[in-house]
């Protein structure tokens, strides 16, 4: 088996080398673990896809390197009441086809997310918006159904698309052939091989330094490292911790790391017969030695997580204690529940998160130590994330990572717990779900940060008793980079190529 893995890695390297040779002098090569799922910004929520289409599209607002919200397409924004915002746009922005970006495009970009027939996984991000009014060619008024403390954060994610072009070509064509107003234009996309972008010579914020960008999906972390060492990549994601020293000892490459907003958890499909028993869910929690995973697989590049919320977020609770590790007690609970020796179906991506395959295999070994059988399935990323977003994942437990772009616990809690959303697998008696839903809705309409934080703490404490997730760890992101570029990674995992430059 090891020989087969080595041959696969060498084959991957050969494929990268054949397509690019050494990195071209004016081309930036970025290796991620997975390919884009789509290039339509309303039809995904995953970071690797976002890292590609963030180069193509501009957002209404944006976050700087300190994670502060600042203007972008919107040069000014003003709250005129608790439920109304006035947005004033820059007037010199053009899409890649030469048409002007105006208020109609901003309104259209929101409306197509809210259009039910589009089935956008981002609908829940914007469904508090009840009014979009074009006040002038470059002014928009946004009205919400109640005070929305995270609206500006959501507008910092809103990619602006050209209304006339999308309506002309249709959603399907647009998802493969997008145009935006961003610093880069799409040249080609060969699925599971590469996406090539070239700089927008007429970019409204000025000329960017990098002329061409090539994104390549390379699932095997060892293959990404070998490509970096062979001068076939400028940036690689998810460097294995045990290879940091090896990379840093080479003159022209280095590792860079940053505390991440991403936490990794094991979600439990609570409607499934096996895990709808709380004893089974508790046993699964107790069976997994998370501290050992952090130490021995991640090299200490993570911190123990106690809740499905990032510690950067408003609403993170300092009062929740970890379940701990006790495989003997776990085995007793499995036996009490009458499931000892039965098979748990588990799914995981491979290459999406740092050491995700190794982490999944460690979890399988832990559960089997406690007397269960585990059918571990590694699923390609596009299929995997699609089944999660649609709520149709076919597994009892599944490994997933999450990072909130709002830095507010409420948006994460809503995505994973609110019974109105398909991603939520939190299914208890109706009155219990209604209660949690009401708390989430209340929190997401409370403008005062301290009051909102108290509501989120209550939600987190309540659901901790129900054990819908195995909270694993919050990661530290490790990247590899070629020293010929100037670049600093961000806590939100976003790679902005326009902020990268060549070293003199």
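The values are calculated or read from the model by the stated rules, or taken from the named source; none is laboratory data. Just so it is clear, the model here is predicted, and its values are computed rather than measured. Don't worry about glycine lacking a Cβ; one is built from the backbone with ideal geometry, like all the others, and counts go over all protein chains shown.
Could you say whether any residue in region 363-377 is more than 30 Å from residue 326 (Cβ to Cβ) and part of a helix (DSSP H, G or I)?
There is no residue in region 363-377 that is more than 30 Å from residue 326 (Cβ to Cβ) and part of a helix (DSSP H, G or I).
Looking at 280, 218, 239, 225 in this structure, which one is modelled with pLDDT of 95 or more, in contact with a helix residue (DSSP H, G or I) (Cβ under 9 Å, 6 or more places away or on another chain) and within 30 Å of residue 372 (Cα to Cα)?
When all the criteria are applied, what remains is 280.
Filter region 228-242 down to the residues that are out of contact with any strand residue (DSSP E or B) (no Cβ under 6 Å at 6 or more places or on another chain) and assigned to a helix (DSSP H, G or I), then identify the one that is surrounded by the fewest Cβ atoms within 10 Å (Cβ to Cβ).
If we take residues in region 228-242 being out of contact with any strand residue (DSSP E or B) (no Cβ under 6 Å at 6 or more places or on another chain) and assigned to a helix (DSSP H, G or I), then 242 is surrounded by the fewest Cβ atoms within 10 Å (Cβ to Cβ).
Which of the following residues is crowded, with 21+ Cβ neighbours inside 10 Å and assigned to a helix (DSSP H, G or I): 414, 442?
Criteria check complete, one pass: 414.
Of these, 352, 427, 373, 357, which one is surrounded by fewer than 23 Cβ atoms within 10 Å (Cβ to Cβ), touching a strand residue (DSSP E or B) at 6+ places or on another chain (Cβ under 8 Å) and in contact (Cβ under 8 Å) with a residue 24 or more places away in the chain? Break it down into steps so the answer makes sense when it comes.
On the way: 352 fails: surrounded by fewer than 23 Cβ atoms within 10 Å (Cβ to Cβ); 427 fails: touching a strand residue (DSSP E or B) at 6+ places or on another chain (Cβ under 8 Å); 357 fails: in contact (Cβ under 8 Å) with a residue 24 or more places away in the chain.
Of 352, 427, 373, 357, the one residue that is surrounded by fewer than 23 Cβ atoms within 10 Å (Cβ to Cβ), touching a strand residue (DSSP E or B) at 6+ places or on another chain (Cβ under 8 Å) and in contact (Cβ under 8 Å) with a residue 24 or more places away in the chain is 373.
Residues in region 283-295 that are surrounded by fewer than 18 Cβ atoms within 10 Å (Cβ to Cβ) and in contact (Cβ under 8 Å) with a residue 40 or more places away in the chain: how many? If you could, list the steps in order and put the result at the bottom.
Just the residues of region 283-295 that are surrounded by fewer than 18 Cβ atoms within 10 Å (Cβ to Cβ), to begin with: 291-292, 295.
So of that shortlist, the ones also in contact (Cβ under 8 Å) with a residue 40 or more places away in the chain come out as 292.
Of the residues in region 283-295, 1 are surrounded by fewer than 18 Cβ atoms within 10 Å (Cβ to Cβ) and in contact (Cβ under 8 Å) with a residue 40 or more places away in the chain.
Would you kindly identify the strands (runs of 3 or more DSSP E) lying entirely within region 122-194 that contain at least 2 residues that are touching a residue at least 12 places away in the same chain (Cβ under 8 Å) and at positive phi?
none
Return yes or no: is residue 477 crowded, with 17+ Cβ neighbours inside 10 Å and not in a strand (DSSP E or B)?
Spelling it out, it is not the case that residue 477 is crowded, with 17+ Cβ neighbours inside 10 Å and not in a strand (DSSP E or B).
Go through 382, 405, 409 for me and flag whichever is at pLDDT below 95 and under 20 Å from residue 154 (Cα atoms).
Working: 382 fails: under 20 Å from residue 154 (Cα atoms); 409 fails: at pLDDT below 95.
Every option except 405 fails the conditions.
With (1) without any contact (Cβ under 8 Å) to a residue 40 or more places away in the chain; (2) assigned to a helix (DSSP H, G or I); (3) crowded, with 17+ Cβ neighbours inside 10 Å as the list, and residue 245 as the residue in question, which single condition is left unmet?
(3)
For (1) crowded, with 23+ Cβ neighbours inside 10 Å; (2) modelled with pLDDT of 95 or more; (3) in contact with a helix residue (DSSP H, G or I) (Cβ under 9 Å, 6 or more places away or on another chain), each residue gets a yes or a no:
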position: 18; (1), (2), (3): no, no, no
position: 32; (1), (2), (3): yes, yes, yes
position: 35; (1), (2), (3): yes, yes, yes
position: 41; (1), (2), (3): yes, yes, yes
position: 46; (1), (2), (3): no, no, yes
position: 50; (1), (2), (3): no, yes, no
position: 56; (1), (2), (3): yes, yes, no
position: 59; (1), (2), (3): no, yes, yes
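Tell me, please, whether a residue that is outside any loop (DSSP other than H, G, I, E, B), buried (at least 23 other Cβ atoms within 10 Å of the Cβ) and out of contact with any helix residue (DSSP H, G or I) (no Cβ under 8 Å at 6 or more places or on another chain) can be found in region 390-407.
No.
Considering every residue within region 276-289, establish whether at least one is more than 18 Å from the chain's Cα centre (by Cα), over 28 Å from residue 424 (Cβ atoms) and not in a loop (DSSP other than H, G, I, E, B).
no
Residue under question is residue 329, and the condition is that it be part of a helix (DSSP H, G or I) and closer than 16 Å to residue 475 by Cα; does it hold?
Considered against the rule, which asks whether it is part of a helix (DSSP H, G or I) and closer than 16 Å to residue 475 by Cα, residue 329 comes out as no.
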